[in-house]
Structures are given as structure tokens and as C-alpha cells.
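Every number in this text was worked out from the coordinates using simple rules, so none of it is lab data. This is a predicted model, so every value here is computed, not measured. Cβ: placed from backbone, ideal geometry, glycine included. Neighbour counts: every protein chain shown.
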Amino acid sequence: MIRRQLRLMRDDGVPKPARIVSSSVFSLVALFSAAWAVFVFQPFGRREWSFAAIAGVLVLVALGPRLSSRFRATAQSDRARDVGRSLRLGRRLLIGGLTCWLGLIAWSSLSAGGVVPPAKSDPGAIRVLTWNILHGRDRGAPWVRCGWTARKKALEAGLTATQPEILCVQEALSEQVDSIAAFLPNHTHVGVGRDDGRSAGEYCAIFYDSRRFVEIETGTFWLEEPTDEPPSGLTLGPKRICTWARLLERASGRVLRVYNTHLYLTEKARQRAVRVILARIVAGDPTDALLVTGDFNAPPGTSSRRLFDEAGLLSSAELIGRSTTLPTYHFYGIRLRSLDEILCSKDWIVREHRVLDVKPGNTYPSDHFGVMADVVLRP
């Protein structure tokens, strides 16, 4: 009896609990890798090639030789049977995952984008646009490019159609900032890369139409102490930034300040970051009209967003009576959460507000939609 129990617990010198743990770890690693691939390899352009490649892998897995059958036919031990079961389960999971991935790609191709907004109804209004454009490069591995070659053409079409006078972008890398500058030849841009305070890492850049505005002062600060320095040494995550610009509107002689940021993924970190931003705002001239834009990485109603409300910075959607919960983040065209917004001080009247979900050339410019508002300074 004791020998039988030992044989069940141990096979080929490997304890059964150890085999179970090893199999579980392998499954978790496989699932994490699959989720990472689906997230990173979103096909913003050339979806037909991605679809064909994944469909080919699916056919090979579904119809190809089944390794698990060999173990089932020759299984002489608990270990061999465990391997056979793991292979059969892994094959089923892979087939299911690839099928879902094909469905996501099909939806990203078939889902409809929104209409291009009309020209401003009030010529005196300022058109403000904030957009997390998703980092990307023209060259490199797929997870480095993130479809930028295709996306930048769609982004150019979106910017050309809307003609924002103030554009705030998040996640932009240096070459993306240069591309946008070429799309908007009448605009000047300010901002630095968050990793070194110069050109490395993501920007929260601000572009403004230099025909309408005169630059008074600009800068970038970090959302962790020390707030005037980029990160030093190894850190667990990025040290995020806020870029700001103080501008004089030529026609009215009024001064406005624009703050553009990309907040953290966790709520406690977001709250600390918002308090840093509000402290900088309070330290400025109280007569300036204020705009705060960005990817806040949290929906309306969360504690970090309420801190802005309590400071008198309200959503442009709320100020015009529109819904504040329209999704601005999507996954393969599936609209998920409202994370991006334009916040206004009491100095502004909002004439228009839109979630810019355009899809030029059947390509989404980013995994975020833009948020656009036409605002007028109160007399």
C-alpha cells in the first residue's frame, strides 16, 4: 500500500505536486505571453496580412500533427499522461485564443469611425485638441513601431481636417513630435522627453498656432520629487511629466496657461501627481485663463479626477451639457473607457465638444480617440 502511494506521488523521480506547479507556471507564462501578443501587435495597418498570418497558424494548429496523441498512445507513466493532458489543453487554449484574435482583427477593420467635425461655428473660438497618439517609430521591432507608419497618415488626416489651434499630445516620441510639426507648419511646439529632460522618452508636447498666440513662458515638471529633475538611475516605472505653456492671445490681449499631462496607472500615484499639478497652477498668475488636458488614466468620478473638479477645473463636456463618459480608449475598435479630457477654468465658455473618433483610410490613428473643444474666453 505504501509503495503504491509513493508511486502515485512520484514518477521518474519527480514529485507529483512539483509537476502540477510546473504545469501551472507554464500555463500562466503561456497565457501572459498570448495576452501580451494580442495587446502589442494590434494591426492598425495591413490588417489583411495579420489576419492571413494568424489564420495560417490556426489552421496548422487545428489540422497539424497532434503531439498529445503520441503521449496518449504510448503513455506508460503518470508523467507521460500529465504531459499529454497539458498538450491537449494547451492546443485547445491556443485554438481558442487565435480564433478570438481573428475576431478582434476583423472587428478593428469593420468597425466604423466617427465623422469629421465641422469648422468652428464661432470664428473667435479657440479649437483645442488633446490626443494620446500611442508611442511608435518608423523602424524597429513590431512592438516598437506600433503601426506608426500607417497611423501617422491617419493622424495627419485627422489633424488636417480639424485644424486645432492648440494641440496637446501624450506618449509622443521625438520623431513623432517632428512628424506632427511637419503636419502643422504654422504651429510652434514645446516639451521635452520625460526620461532625460531633452529628447529621450515620451513627450507631453503642446503645439500652438503662432499666428494667434505669442509665447510668454513654457516649461516641464515631473510628477514626483524632485519635480524639477528627470529620473536618475533605475526606477520601477516611468517618472511622468506635465508640460505647460503661458500664451498671449494676440487679438484679445488675454493670457492663458495650458497644462498637458499623462497620469499614472494607479490611483494613489495619480492623486499625488494631481496635487503636484494643482500646486503649480496655484503658484501662477491667478488672472490667467486655465486649460488642463491629458490622458488621466482614470474615468470621471474617481478621486484623482474629483481633485480637479474641487479646484474649479471642469470637463468641457460637462460645461456644454454633454456626456462625460463617452469612451476615449478603445481596443481593436471596441470602445472601453473615458480616460482623456479637456478641463477648463471659469474663464471659458465652451461652444463645442467632441470625442474625435475618426478613422481615416480605415485606420485608427491611435488606441485613444482625440478629445476636441471649441472654447471662448469670457469678456
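List of remarks:
- Residues W148, W101, W131, W36, sorted so that the one with the fewest Cβ neighbours within 10 Å comes first: W36, W101, W148, W131
- Ranking V144, C204, A181 by Cα position along the charge dipole of region 139-219, where only Lys, Arg, Asp and Glu carry charges on their C-beta atoms, puts V144 farthest toward the positive end.
- Zone residues, region 239-267, relative to R137, backbone N less than 20 Å from point 7 Å out along Cα-to-Cβ: 239
- Cross-link partners of K239 among aspartates and glutamates, defined as those whose alpha carbon lies under 17 angstrom from its own and excluding same-chain residues fewer than eight positions apart: E171, D195, D196, E202, E224, E225, D228, E229, E267, D295.
- For region 252-379: rounded, prolate or oblate by the Cα gyration tensor [a/c cutoff 1.5]: oblate
- One decimal place: the segment L326-T99 gains 78.8 nm when fully extended, by the rule 0.36 nm per residue minus the C-alpha distance.
- Under the convention that each Lys and Arg Cβ holds +1 and each Asp and Glu Cβ holds -1, the size of the dipole of region 210-289 around its Cα centre is about 300 debye.
- In straight-distance terms, cross-link reach from K153 covers every one of the lysines whose alpha-carbon lies under 28 Å from its own, apart from those fewer than eight places away in the same chain; here that gives K120, K359.
- Cα gyration tensor category, rounded, prolate or oblate, for region 122-259 with a/c compared to 1.5: oblate
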